[in-house]
Structures are given as structure tokens and as C-alpha cells.
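For reference, the structure discussed in these notes is given below.
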Amino acid sequence: MSRTLSTALIAITLSLGFVGAAWSHAVLLGSTPAAEASLDVSPKEIIFNFNENVGPIFIKVLDRTGKEVGNPGEWRVDGNDVLMSLNDELPNGTYIATYRVISADTHPVGGSVVFAVGEEVASMGDVASAGGETSGWVIPVAINRYIQYGAMLLAAGAALFIVGMSVPGAVEPSVYKMGRTSAAVAAVTYVLALGFGGAEMMLGGPTAIFSMDAWSQSMASTLAPSALIGIPGLLVLFIAFGKGPEGKSSPLLIAGAAIAVASFLVTGHAATAAPVWLMAPMVAVHLFCAAFWIAALYPLAKTAQVAEVTEAGAVMTQFSERAVWTVGALFLSGAVITWIQVEGPQNMLTTDYGLRLTAKIAIFVMLLGLAAMNKMVLTPALEKSDAAASGKLRRSIKFEYAAMVLIIGAAVSLTLATPPRATMDMEGGGGMAMGGGFTTSVIKGKYTAEVSVDPAGTTASNMVMVTFRDDAGNPVEMVDVTISWALPTAGLEGIDGRGEMVIPGMYHFMFDQLIIPGEWDARIDAFVDDFDKQIFRTTVPIK
């Protein structure tokens, strides 16, 4: 096995190490009935409210034995709400409303809400995990996505390289072959993405890919328009590469590359994030630049190997000139995407998404170092007909190969984590979820609890978000967080709830019981660890 191949395999293995458990991209903001609610009468309808539009896979109401109950009707989507009517009344007891939906970026999202009718909420045991399962298709989906990213970028980049560079005659056939092979592989991955994705959405078994339900489910997601755009674009590239150097296929190459890149703009959390008018073009620029750079490595290494030293030096100089603009556009587009997705530098090292992105940036910086050495040291040496520089350049490009493989792995891993912007807009002081409610901050020792209540009214469920920070302003994860509400003027107390962490340091609650206007006392018990409990007290006006 060659050293280059060994390096690539090690890099792929390390890249796939980024693939693991991750938060979903659609976040449940609230439900009717609310979590842990005790109702006097059976609900007529189950409602789940998300932070973005979703596509339902299933919604069920289960009793304590795991049996589906309520004779449910068809579910429907109304904006960011998913609703399902219950045709039969639920007897007194504890139930779980469980869901599995497809988020806007094609990721399956599952969860559940426990409530009771005519009694206090009892434990649901193992049934309470319903909805959040994953299947064995998670790994095939991730591997296929990795190959899809790499093959599409190689195919589109090869087209850009042929059109934008003076390729030596001895190297041209290899570039066309690389582009054609990559286009064929990428086209297959788009088809597999539909099958694997549908199987994962349906929590299917080993044969789920042969199920019409799985394919129907994936065709209802953004995987379908991505494939319907990407596959024709790749076929155009396949045909154009097949014409060879004498085929004068520049228009086809440009069109195919543009269509292939466009297929990535109809799905994924970056290109579909608000504002789309800015994010989609930024992602497109980022992909075009990355494709050109990635695809350039092989023909540059081939040129250094087979071309005369002076000719190789001329090609490297031409690429260096193009690379200055490519790297600049890559950096600027990446900076815009990062700024919008991360919602502030403090999230780079405190969130799963931020850590993955930090790893990608670190590898990119290393890659820039190699590129700078190639431009400032090795390329001038080639121009001076230094024969030794050719071998050094090939070795440097091998390291660039490994770095690129790692970067693609890091990019794929970003699709498996929730961008902070998907949940930060729920935080107090602004955003869609907290636009018209009440916010305050409570300081206890070296900790601050930022409390937001929306809508802070008696006519709807109140969503409470509590974010904990230390004295340096960094988010703090708590072992356990609870809130107890009391309204002394009405003799009400003992309205309790336990928080669910949505991102590190931020905890989500829903309360249906704040139905009397007045100054409600809130006691927040936060366990920093098993031995350190901090108590925060505040007053919230409910109107």
C-alpha cells in the first residue's frame, strides 16, 4: 500500500471519528398538553411546536404499557406546529405523546412528552424513551454523505480546474478521468442518500432500503430536490468529461459544476439558514472555492511528476495566482457562515457544533501553512529550474491531500450537530421565541441566571428559558435544574418543573399552570454538581 493511500485512510478514519451522537437541528419549543401536565379532561388534540418547519414521520399517544391509544386522526402541519386530533377520550392515567419528524435539513428528530389525565403524572419507565431512537442506518448515512461531499467537490472542481488553468498535455487525460469517475460516484451517492435517509427516518431494519415507505419518506424531504438537481448536473459533467480535451466542452463543464453545487443549496442547515438571500450565495462561493482547491491537488502533483521543471513552475505560478483569490473568497464566505451559525465567539468552544467547527478551522489553518510554503518557497524554486523542488512539492501536496480529507470529514460532522443559531434565538431579550415576554438576570455568587418567560401571560402556555453563566460570562452546564412557582396573594405554590438542556448552559421549561395574573415568585434550584446547589430567586409579572 502506498504512503499516500495509507495517509488518506488514516485521515478518513480520524474524520469519521467526528461522526457521533449529536443534537438534532429542529428544537421542540413546547407542546399541548405541556410536559408533565396533569389535565382534568382528556385532550382533543396533540400539538408539538418547533423552532422551524418540520415534516412528520409519526405521532403517537401511548399508555403506560406502550399501547397506542386515543384513536388518532391524520396529523397536519400548520407553520411550525404539528397537530394530531384524538377521536377517543383518554381514561384517567398517565400517557406519553411521542413524535418523530424530519427537520428542515433532512435530519430525523424524535422525542416525547409525558402528561396525565385525572391524576398526577406517574413514571412511564422505558416507554418514555419512545420517539428518540436511532437505527443502524446512521452510519451508512454518514459514510455516504462523506463520499458524496468528496466526489461532488472533486467532479465540480475538476471542471473548474480545466476551464481556469493551463493544464499540461501529459496531465489533461488524468484530470478528465478523475472528473468523470468522481461525477459517476457522486451521482450514485445521491440515489443512496434517498434510500439510506428514508430507512433512517423510518427507523428501519436491514431491509428497510427496499421498502417503498422509506423511499416515499425521503422523497418528501429536501433530499429529493437535492437529488433532482444534483444528478442531472453530474450527468452533464460525466458527458463533458467524456468528450476529452479535444471536445471543447467548457460550457458543459461550467454548467455541470454550477448545477452540482446548486444541489447543496436546497438542503442542509447552512444554506437554508436565515437570511437565505445571504447564506445560500455564501455557501455556493465556499463550495466553488473548496472544489477548485481540492480538485487541483492531483493534477498539480501529476504536473510536478511528469512535466519539465520550467513548465511545472509555470503551472504552479498560475495556480498560486488563482489560489490567492480562491483562499480569500473561501475565508470570507466561511467567516460569514460561521458568524451566522455560531451566534458569537463564546459558542465556538462551548457547543458541540462550535467544537467541530473549531477543529475544521484548525485543519484549514494548517492547510494554509502548507499552501504558503508551496507558493513562497517551492514554486519559486521550480521557476528557477530546481529539480529537487519537484519532489518536495509532491510530498507537500500529499500532506495537503490528508488535510483536505480531514476537512471534508469535519464538514460532514457539522451536518450532525445543531448550530447554536438554531437554539440561541430562543434565548431571552430577542428572537422568535422570546420577542414579547419578560426577561431578567439573577446573580448568586459567581453565577448568573438569565431568565426569560414568554409570553408571561395567563392565556397561553409559558415557555421559560434559563441560561447560566459564570463570572467570566461563559455558559455553565448544571447537573440538574428545577423551578418552583408560587403566587402568595392567591395562596398558590408547589408548581414545579424540571429543565431540559437544549445547548450547554441553557435550560427549557414549559408551564401551563400560571393562569392567574400577579407577581409570581420563581425559585430556581441549580445543581452545579452533586454537592453544590445554587438557589436563584426572582419575581415574574404574569399578565
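Just so it is clear, none of the values below were taken in a lab; they were calculated from the coordinates. None of these values were measured; they are calculated from a predicted model. Virtual Cβ from ideal backbone geometry, glycine too; neighbours counted across all protein chains shown.
Tabulated data for the structure shown
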{"quantity": "For Trp520, distant residues with modelled amide H under 5 Å away", "calculated": "Val540, Ile542"}
{"quantity": "Volume of the Cα convex hull of segment 130-198, divided per residue and given in Å³", "calculated": "79 Å³"}
{"quantity": "Segment 324-336 - phi-based ³J(HN,Hα) in whole Hz, Karplus 6.51/-1.76/1.60, Gly and Pro as x", "calculated": "4, 6, 5, 5, x, 5, 4, 5, 5, 5, x, 5, 5"}
{"quantity": "Additional length obtainable on full extension of the chain from Ala362 to Lys67, 0.36 nm per residue less Cα span", "calculated": "101.2 nm"}
{"quantity": "Difference of contour (0.36 nm per residue) and Cα-Cα distance, Thr440 to Ala372", "calculated": "19.5 nm"}
{"quantity": "Student exercise, the chain dipole from Lys, Arg, Asp, Glu Cβ charges, in Debye to nearest 20", "calculated": "2880 debye"}
{"quantity": "Cα-Cα over 27 Å, subset of Lys243/Lys384; Lys243/Lys398; Lys243/Lys302; Lys360/Lys384", "calculated": "Lys243/Lys384; Lys243/Lys398; Lys360/Lys384"}
{"quantity": "FRET E, pair Asp213, Ala122, Förster distance 45 Å, beta-carbon r, rounded to 0.05", "calculated": "0.85"}
{"quantity": "Net charge contributed by nearby residues that have their C-beta within less than 9 Å of Ser413 (K/R +1, D/E -1)", "calculated": "+2"}
{"quantity": "Normalised per residue, the volume of the convex hull around the Cα set of segment 260-408 (Å³)", "calculated": "105 Å³"}
{"quantity": "Cut-off under 5 Å, modelled amide H: who pairs with Ala37 long-range", "calculated": "Ala116"}
{"quantity": "P(r) tail fraction, the chain - alpha-carbon pairs more than 34 Å apart, %", "calculated": "47 percent"}
{"quantity": "Electrostatic dipole magnitude of segment 33-129 [Cβ: Lys, Arg +1; Asp, Glu -1; Cα centre; debye, to 20]", "calculated": "240 debye"}
{"quantity": "Charge dipole of the chain about the Cα centre (unit charges at C-beta), most positive-ward option of Phe364, Asn49, Gly66", "calculated": "Phe364"}
{"quantity": "Taking the chain and dividing mean pair separation by its residue count, relative contact order in percent (alpha carbons under 8 Å, at least six apart)", "calculated": "12 percent"}
{"quantity": "Charge dipole (the chain, unit charges on Cβ, about Cα centre) - positive-most of Ile483, Trp137, Val113", "calculated": "Trp137"}
{"quantity": "Karplus 3J(HN,Hα) series, Hz, for segment 356-364 with 6.51 cos²θ - 1.76 cosθ + 1.60 (x for Gly, Pro)", "calculated": "5, 5, 4, 4, 4, 5, 4, 5, 4"}
{"quantity": "Hz values of 3J(HN,Hα) by residue in segment 222-228 - Karplus curve (6.51, -1.76, 1.60), Gly and Pro given as x", "calculated": "6, 4, 5, x, 4, 5, 5"}
{"quantity": "Rel. contact order, % - alpha carbon contacts under 8 angstrom, at least six apart, segment 425-542", "calculated": "23 percent"}
{"quantity": "Whole-number Å³ per residue for the convex hull built on Cα positions in segment 441-541", "calculated": "91 Å³"}
{"quantity": "Potential extension, Ser85-Leu278 segment - 0.36 nm per residue separation minus Cα distance", "calculated": "65.6 nm"}
{"quantity": "Order by protection proxy (mean Cβ within 10 Å, highest first), peptides 240-250, 501-511", "calculated": "501-511, 240-250"}
{"quantity": "Cut-off under 5 Å, modelled amide H: who pairs with Met478 long-range", "calculated": "Gly505"}
{"quantity": "Dmax and Rg, reported as Rg then Dmax, of segment 204-281 (C-alpha, Å)", "calculated": "16.3, 49"}
{"quantity": "Cβ-Cβ FRET estimate between Thr539 and Ala490, R0 fixed at 22 Å, reported to 0.05", "calculated": "0.95"}
{"quantity": "Efficiency of FRET between Phe531 and Leu349 - r from beta-carbon atoms, R0 25 angstrom, step 0.05", "calculated": "0.45"}
